[in-house]
Amino acid sequence: MKNTKWMKEMTSAELAEAIKNGTDTVIIPGGAYEVYGPQLPLGSDTIVSLAVCERVAAKTNAIIGPCFEVGESASLYQFPGTIKIMPDTYYRVMEDIIDSLAHWGFKNFMFINMHAGNVPIISQLAREKQRQYGIKCNQVDWWRFIQPNSTDICENKGWRAHGHASESGTSVMLHLHPEYVEMDKLYNVEQDPSLYKWPDFITYPEFAERTPNGTLGDATLASAEKGEKIVERCVDRIVAFMKEQFGC
């Protein structure tokens, strides 16, 4: 059998043999195509997801399944290049992916998802498919997941460290793929306090009303060193969870 963790690189017979021998955990990468500040590429969420999944798979007995590269990015649709996938479309495609993988013998599903808009859709599907197939599903909402695990790493506090394409996001990319980061385009974008006047209400502002370039927070404090610490700590936590919950 090839020494690979990627389902796409395996033959049908190799996959069947792996499942027969006890590899019943699959990691599903998830991302988006959307503005990610002026310094990062449109596919940053997808690029980070693939890199994180590879690191997790290397430390577990899990296979990386299909990557759903685009997501529910309607709020960023005013920025060029953003791909908007409607929730029902995302739901149906992801449902077909889960159905297929469950059919071929996978019992444990770890969704490593980089885009907040995808989270509720995956959560709804996970509950339904657990009941339908008796499988286990878990999701990592990466950019929210890293927040409590990096409070001592980021210099900014709260949302400013973890805003869109801010200190943490840019640091992670500087560690994983520095060739994609345009260092001369790092911005510090403040927020209008009036946006938080009514925090107990759910409102639906356009992203372009909050930022001129896709950055929310201070990206100028980003560094590869911070990104390395964030990624290593969070990958290790995901691995520990998977070993305990999935036995992989």
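Can you tell me which residue in the stretch 158-215 is surrounded by the fewest Cβ atoms within 10 Å (Cβ to Cβ), limited to those that are in contact with a helix residue (DSSP H, G or I) (Cβ under 7 Å, 6 or more places away or on another chain) and hydroxyl-bearing (Ser, Thr, Tyr)?
Checking each candidate, the answer is Tyr180.
Under 7 Å by Cβ, and 6 or more places apart or on different chains, what pairs join a residue from the stretch 36-52 that is at negative phi with one that is among the basic types (Lys, Arg)?
Pro38/Lys185; Gln39/Lys185
If I ask for residues that are small (Gly, Ala, Ser) and either assigned to a loop (DSSP other than H, G, I, E, B) or more than 29 Å from Ala208 (Cα to Cα) (or both), which ones from the stretch 55-76 would you list? Break it down stepwise before answering.
Applying the first criterion (small (Gly, Ala, Ser)) to the stretch 55-76 yields 57-58, 62, 65, 71, 73-75.
Passing the criteria: Ala57, Ala58, Ala62, Gly65, Gly71, Ser73.
Return the total of residues in the stretch 96-109 being in contact with a helix residue (DSSP H, G or I) (Cβ under 6 Å, 6 or more places away or on another chain) and either aliphatic (A, V, I, L, M) or within 21 Å of Glu72 (Cα to Cα) (or both).
2
Any idea which residue in the stretch 104-117 is surrounded by the most Cβ atoms within 10 Å (Cβ to Cβ), counting only those that are farther than 20 Å from Met242 by Cα and in contact with a Ser or Thr (Cβ under 9 Å, 6 or more places away or on another chain)?
Let us first name the residues in the stretch 104-117 that are farther than 20 Å from Met242 by Cα, namely 104, 115-117.
Adding the requirement that they be in contact with a Ser or Thr (Cβ under 9 Å, 6 or more places away or on another chain) leaves 115, 117.
Values: His115: 25, Gly117: 20.
So the residue we want is His115.
Which of (1) touching a helix residue (DSSP H, G or I) at 6+ places or on another chain (Cβ under 7 Å); (2) under 26 Å from Pro205 (Cβ atoms); (3) not in a loop (DSSP other than H, G, I, E, B) does Asp88 not meet, given it meets every other one?
Only one criterion in (1) touching a helix residue (DSSP H, G or I) at 6+ places or on another chain (Cβ under 7 Å); (2) under 26 Å from Pro205 (Cβ atoms); (3) not in a loop (DSSP other than H, G, I, E, B) is unmet by Asp88, namely (1).
Exactly one condition in (1) within 27 Å of Tyr90 (Cα to Cα); (2) touching a residue at least 40 places away in the same chain (Cβ under 8 Å) is not met by Ile135; state its number.
Only one criterion in (1) within 27 Å of Tyr90 (Cα to Cα); (2) touching a residue at least 40 places away in the same chain (Cβ under 8 Å) is unmet by Ile135, namely (2).
In the stretch 1-15, what residues are touching a residue at least 40 places away in the same chain (Cβ under 8 Å) and either of a type in the set (A, V, I, L, M) or not in a strand (DSSP E or B) (or both)? Explain how you work it out, then say what you get.
Restricting attention to the stretch 1-15, the residues satisfying the condition of being touching a residue at least 40 places away in the same chain (Cβ under 8 Å) are 5-8, 10, 15.
Lys5, Met7, Lys8, Met10, Leu15 - these are the residues of the stretch 1-15 that are touching a residue at least 40 places away in the same chain (Cβ under 8 Å) and either of a type in the set (A, V, I, L, M) or not in a strand (DSSP E or B) (or both).
Taking into account only those residues within the stretch 170-192 that are modelled with pLDDT under 95 and of a type outside the set (Phe, Trp, Tyr), which is farthest from Arg160 (Cα to Cα)? Talk me through it step by step, then tell me what you get.
Here is the first cut: in the stretch 170-192, the residues modelled with pLDDT under 95 are 187-192.
This time we only want the ones that are of a type outside the set (Phe, Trp, Tyr), so: 188-192.
Values: Asn188: 9, Val189: 9, Glu190: 8, Gln191: 9, Asp192: 13 Å.
The selected residue is Asp192.
Would you mention how many residues in the stretch 16-54 are buried (at least 18 other Cβ atoms within 10 Å of the Cβ), charged (D, E, K, R) and in a helix (DSSP H, G or I)?
Going through the stretch 16-54 one residue at a time, the tally reaches 1.
Quick check on my filter: what residues within the stretch 59-84 are within 18 Å of Ile47 (Cα to Cα) and either buried (at least 19 other Cβ atoms within 10 Å of the Cβ) or among the hydrophobic types (A, V, I, L, M, F, W, C) (or both)?
Applying the first criterion (within 18 Å of Ile47 (Cα to Cα)) to the stretch 59-84 yields 63-73, 81-84.
If the condition is that a residue be within 18 Å of Ile47 (Cα to Cα) and either buried (at least 19 other Cβ atoms within 10 Å of the Cβ) or among the hydrophobic types (A, V, I, L, M, F, W, C) (or both), then Ile63, Ile64, Gly65, Cys67, Phe68, Val70, Gly71, Glu72, Ser73, Thr82, Ile83 are the ones that fit.
The values are calculated or read from the model by the stated rules, or taken from the named source; none is laboratory data. Keep in mind that what you see is a predicted model, and the values were worked out from it rather than measured. We place every Cβ from the backbone using ideal geometry, glycine too, and count neighbours over all the protein chains shown.
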